[in-house]
Amino acid sequence: MRKILINTENMSIANTLLTKLSSESYMHIISKGETVLLTFGDTLYETGSQMHYVYFPNSALISLITTVLG
């Protein structure tokens, strides 16, 4: 089961959160991850659904869109 998805092909760290990890922690995370290609408009999570993956984008922006009722 995939838990963490990051770009493991390029060892330069482009994600600011990942740059804060120790080398040991970073290597642990990338050993469990895989590269995924996302395209504009892909839905990562649906409201109310269980999260199965964690994404660490290297060259993208991920936004949260919500509907406000009232």
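Near Val54, the amide H atoms lying under 5 Å from its own belong to Ile4, Leu5; only residues 5 or more places off or on other chains count, and H is placed 1.01 Å from N. Residue-wise HN-Hα couplings along segment 48-57, as the Karplus relation 6.51 cos²θ - 1.76 cosθ + 1.60 with θ = phi - 60° gives them from phi, are x, 8, 7, 7, 10, 9, 10, 10, 10, x Hz; Gly and Pro carry x. Packing, as the average of other Cβ atoms within 10 Å across residues, places the peptides 37-48, 20-31 in the order 20-31, 37-48, highest first.
Distance between the pseudo-spin-label points of Thr47 and Met27 (7 Å out from Cα toward the beta carbon): 4.4 nm. In order along segment 18-31, phi translates into HN-Hα couplings of 5, 5, 7, 7, 5, 4, 5, 5, 4, 5, 4, 5, 5, 5 Hz, rounded to whole numbers, per the Karplus curve 6.51 cos²θ - 1.76 cosθ + 1.60 with θ = phi - 60° and x for Gly and Pro.
Every read-out reported here was derived from the displayed coordinates using simple, explicitly stated rules and does not represent laboratory data. Not measured: the values here are computed from a predicted model. Here the Cβ is made from the backbone with ideal geometry for all residues, glycine too, and neighbour counts use every protein chain on show.
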